[in-house]
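For reference, the structure is listed below as structure tokens.
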Amino acid sequence: MRTNLPAPTVGTPRCVLPAAALLGEGALWSVREQALYWVDILGCRLHRFDPATGATAQWRFAEEISALAERAGHPGLIVTLRRGFALFDPSEGGEPRYLHQPEQALPGNRFNDGKCDAQGRFWAGTMDFDCVAPTGALYRYDPGGACSKQDDDFAVTNGPTWSADGTTLYFNDTVKGHVHAYDFDAASGTLSNKRLWHSFAPGDGVPDGMTTDAAGRIWIAHWGGACVSCHDSASAAELCRVALPVSNVTNCAFGGPDLRTLFITTARTGLTPAQLDAQPLAGGLFAVRVDGPGTPAHSFRG
């Protein structure tokens, strides 16, 4: 059924932080800190940006860090590192503490994108480091510590995000250019009825990170496509797109005091020297105002 969501009105994107990240990702707006956390996966760094003051901070790790969520009842974050799920408190620093490593038999894999559902479970996907072999999977890590594989056979995973009513989970098979939708049982955290929701056209990049706004529209970053596109959650019809001056657009999240600023991460990796000369802001953090708000990111309840 078509939802016929209205097209949003968006402003002009601007680079708020020319960070030159190798692989910017993992955008997360902290409501309690009024700041944006994001990562440089290949740079093995966690970043924090305060848009009110322009202040920045960063933490460096011994391995890749790819996704994160705040903890609901405790300070700090749950994160995905190269090998699995871990806890890290930026206020204390030090080394992250691993919780679970589900793919010890797959040393060529690493974790990539992820986020929490409304019930406080952390969902994250893995990928082949070379972006070729279909060895990636989607995992659900529960607050009590149980970890379960929900789907597999992906070379590169990105997402997930959910419909506004929480009954549909969207997840990206990035290399194939496909966005899948699943029926989502919120009580049990199980998936069913996997179907192809949207395919990216040749030459329009491939689907990377994504988010959902308060109206239920789905916003998807285009790796290799120099934009973020906005879609109707039922029909997948494109409602608008935010063009950016860089090719590899990786993730997006709503933030700011009114949740009407879309923060967008980008990457430098994969670009030739000539492309880097033409895209001096590649790897920067961008922001664009949108007329409708997003929703607060869900926290991990463990």
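The values are calculated or read from the model by the stated rules, or taken from the named source; none is laboratory data. Everything numeric here is computed off the predicted structure, so don't read it as measured data. As a convention, Cβ positions derive from the backbone with ideal geometry for all residues, glycine included, and neighbour counts pool all protein chains shown. Quick note on the areas: whole protein, heavy atoms, side chains included, nothing else; ligands and nucleic acids left out. Shrake-Rupley method; radii C 1.70, N 1.55, O 1.52, S 1.80 Å.
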Taking only region 194-208 into account, find how many residues are of a type outside the set (A, V, I, L, M, F, W, C), closer than 13 Å to Phe171 by Cα and surrounded by fewer than 13 Cβ atoms within 10 Å (Cβ to Cβ). 1
Scanning region 14-27 for residues that are open to solvent by less than 10 Å² (accessible area, probe 1.4 Å) and either over 15 Å from Glu64 (Cα atoms) or β-branched (Val, Ile, Thr) (or both) gives none
Listed residues Ala55, Ala35, Ala7; which is of a type in the set (A, V, I, L, M, F, W, C), without any contact (Cβ under 8 Å) to a residue 60 or more places away in the chain and surrounded by fewer than 17 Cβ atoms within 10 Å (Cβ to Cβ)? Ala55
Need pairs with beta-carbon distance below 6 Å; first residue at negative phi and at pLDDT 95 or above and within region 184-198, second open to solvent by less than 60 Å² (accessible area, probe 1.4 Å) and not in a strand (DSSP E or B); sequence gap 6+ or separate chains. Ala186/Gly166; Trp197/Ala236; His198/Ala236
Using beta carbons and a limit of 8 Å, which pairs, at least six apart or on different chains, have the first residue in region 262-287 and in a helix (DSSP H, G or I) and the second one surrounded by 14 or more Cβ atoms within 10 Å (Cβ to Cβ) and hydrophobic (A, V, I, L, M, F, W, C)? Gln275/Ala282; Leu276/Ala282
Which count do you get for residues in region 58-75 that are over 20 Å from Phe254 (Cα atoms) and open to solvent by less than 60 Å² (accessible area, probe 1.4 Å)? 5
Within region 212-232, can you find the residues that are open to solvent by 20 Å² or more (accessible area, probe 1.4 Å) and farther than 20 Å from Gly283 by Cβ? Ala214, Ala215
Determine if region 72-92 includes at least one residue that is among the polar types (S, T, N, Q) and more than 20 Å from Thr126 (Cα to Cα). yes
Out of Ser247, Ser235, report the one residue that is polar (S, T, N, Q), open to solvent by 20 Å² or more (accessible area, probe 1.4 Å), out of contact with any Cys (no Cβ under 6 Å at 6 or more places or on another chain) and more than 18 Å from Leu169 (Cβ to Cβ). Ser247
Within region 163-200, which residues are out of contact with any Gly (no Cβ under 7 Å at 6 or more places or on another chain), among the small types (Gly, Ala, Ser) and farther than 20 Å from Cys131 by Cβ? Gly166, Ala181, Ala187, Ser188, Gly189, Ser192
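Residue-wise test of (1) under 22 Å from Pro296 (Cβ atoms); (2) in a loop (DSSP other than H, G, I, E, B); (3) of a type in the set (D, E, K, R).
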| residue | (1), (2), (3) |
| --- | --- |
| Cys15 | no, no, no |
| Glu25 | yes, no, yes |
| Leu28 | yes, no, no |
| Glu33 | yes, yes, yes |
| Gly114 | yes, no, no |
By residue number, the members of region 108-151 that are at positive phi, among the small types (Gly, Ala, Ser) and out of contact with any Pro (no Cβ under 8 Å at 6 or more places or on another chain) are Gly145
Contact list, first residue from region 89-106 and in a loop (DSSP other than H, G, I, E, B) and open to solvent by 60 Å² or more (accessible area, probe 1.4 Å), second anywhere and of a type outside the set (A, V, I, L, M) and modelled with pLDDT of 95 or more, beta-carbon distance below 6 Å, six or more apart or interchain, is Leu106/Thr135
Check whether at least one residue in region 73-96 is small (Gly, Ala, Ser) and closer than 20 Å to Asp208 by Cβ, and report yes or no. no
Output the residues belonging to region 118-141 that are in contact with a Lys or Arg (Cβ under 8 Å, 6 or more places away or on another chain), open to solvent by less than 30 Å² (accessible area, probe 1.4 Å) and not small (Gly, Ala, Ser). Arg121, Phe122, Trp123, Thr126, Met127, Leu138, Tyr139, Arg140, Tyr141
Those residues of region 255-298 which are of a type in the set (S, T, N, Q) and open to solvent by 40 Å² or more (accessible area, probe 1.4 Å) amount to Thr269, Thr272, Gln275, Thr295
Output the residues belonging to region 171-192 that are under 15 Å from Cys116 (Cα atoms) and not in a strand (DSSP E or B). Ala186, Ala187, Ser188, Gly189
